[in-house]
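I have placed the structure first, in the form of structure tokens, so that the comments after it can refer back to it.
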Amino acid sequence: MLDIECLPIETFVVILKQTDGITLGKCRRVCKKWKDCIDGADWLWHELCKKDFKHSSKIAKEKCGIVCDWYHIYKNLKMWSDVTSFDINHITIKTKDMYDMCTLKRIPVSIPGNCLKIANNDYATIILLKYGLFIQKSIDNITNTSEAFYKADNFILSGDTVYFFDNRDVFKCDIAKDNHNISAEFVIRSDYDIKDIQYDNNVLHIFTDCGKIVNVFKDNSVEVKPINCPPEWVKQIQNVQAINDNNFVCFSRNFFKIETDDYQHFYLDFPPITALFFYSDVVLIGNKAYFENIAVLPKGKFAVRLDVCERKCGPVIVAATFFEIFLMEIDFFPNDKEYRESPPNKTFMYKRLLRLRDRIDSHVGKL
């Protein structure tokens, strides 16, 4: 019988592909050779993430970028069902400052005005302020800038494309690395006021205030379908957080509806919701004085925004109040706690932020 140690690495990887996450993790601990082989084939963990955590793994990877491999994403998401059994390290930071989530160090760039939303990839930074959307590409020199400003209510960054809407008009911008000419392309004018937009699997999903979902497909065909909700409660929907048209949460202060691939729930007398983060398999809910049963904020404080960022050793839950931000570090794997250092591409992000600061200062001066 052929010893497994004698198998070609390619054949060994094919065998590993047939296993599950727990088995693959055990194989990784057998010996250094197996560990190096599995660590060198991170796509194995990517396949498991798509199988076991289809939506949440995608959200997690988009947020952490190159900081975490798919291996770290998978084992973190596997632990979320036991999150309440872990201790939490609390850190408080000021809301007016910007911080690097890798190091939790302050970024020495002050953006004027109230920043409503910010998104990054390896070569672009997008900031939404109350009066508009600023897009900034990485620049080689001051004469070769790639930047744009648009009036917008909200936006999403999906790969190399920014989707945003202004009132009922939806646009998209190609911000690919080699594209130096940023321009907005009109997508569609909604017949209804827009609550939220999401892009998933080549479909743009537009959630409206009248309980309808408008799906815009790659061939520009359009489908309109209603949210499965009693008509008398549709007008109560104040907020929507979505992944796609089959996985979303609608909520107001005491009204909560969740719909996923696997289940649907509708609650009319839900405890007052002050903030929510939809992680597909997990939903973090903030209500006054506490959120879910993971942690308790100081007396008189309640979350108005919730977010999650995965690290190699576990997640950081971000709970923002009106005056400060509480970072809650959960060490699922304390032995994997790495030396915190920003990845190389963060230098380019800092340069983009400096350019954005100057642009915003100039824009404010013209208002």
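Tell me yes or no: at least one residue of region 289-305 is touching a Lys or Arg at 6+ places or on another chain (Cβ under 6 Å), among the hydrophobic types (A, V, I, L, M, F, W, C) and modelled with pLDDT under 85. Checking region 289-305: at least one residue is touching a Lys or Arg at 6+ places or on another chain (Cβ under 6 Å), among the hydrophobic types (A, V, I, L, M, F, W, C) and modelled with pLDDT under 85. The criterion of at least 2 residues that are modelled with pLDDT of 85 or more and surrounded by 14 or more Cβ atoms within 10 Å (Cβ to Cβ) is met, among strands (runs of 3 or more DSSP E) falling completely within region 60-136, by 115-120, 124-129. Got at least one residue in region 181-196 being at pLDDT 90 or above, in contact with a Ser or Thr (Cβ under 7 Å, 6 or more places away or on another chain) and among the charged types (D, E, K, R)? Yes: region 181-196 contains one or more residues that are at pLDDT 90 or above, in contact with a Ser or Thr (Cβ under 7 Å, 6 or more places away or on another chain) and among the charged types (D, E, K, R).
State yes or no: is N254 without any contact (Cβ under 8 Å) to a residue 24 or more places away in the chain, surrounded by fewer than 16 Cβ atoms within 10 Å (Cβ to Cβ) and within 20 Å of the chain's Cα centre (by Cα)?
When the stated conditions are applied, N254 does not pass them.
Filtered by the rule that a residue be touching a helix residue (DSSP H, G or I) at 6+ places or on another chain (Cβ under 7 Å), closer than 18 Å to E10 by Cβ and either of a type in the set (A, V, I, L, M, F, W, C) or assigned to a loop (DSSP other than H, G, I, E, B) (or both), region 28-56 gives W34, C37, I38, A41, D42, L44, W45.
Condition check: modelled with pLDDT under 95, more than 26 Å from F278 (Cα to Cα) and touching an Asp or Glu at 6+ places or on another chain (Cβ under 9 Å). Does I175 satisfy that? In short, yes. I'm checking my understanding of the structure. Among residues of region 205-228 that are hydrophobic (A, V, I, L, M, F, W, C) and crowded, with 17+ Cβ neighbours inside 10 Å, which one is farthest from P272 (Cα to Cα)? Looking at residues that are hydrophobic (A, V, I, L, M, F, W, C) and crowded, with 17+ Cβ neighbours inside 10 Å, I get V216. Taking the stated definitions as given, is I188 among the hydrophobic types (A, V, I, L, M, F, W, C), surrounded by 14 or more Cβ atoms within 10 Å (Cβ to Cβ), more than 23 Å from the chain's Cα centre (by Cα) and more than 15 Å from I126 (Cα to Cα)? So I188 fits the description; yes.
The values are calculated or read from the model by the stated rules, or taken from the named source; none is laboratory data. Note that the structure is predicted; figures quoted are calculated from it, not measured. Cβ coordinates were reconstructed from backbone atoms using ideal geometry, including for glycine residues, and neighbour counts include every protein chain displayed.
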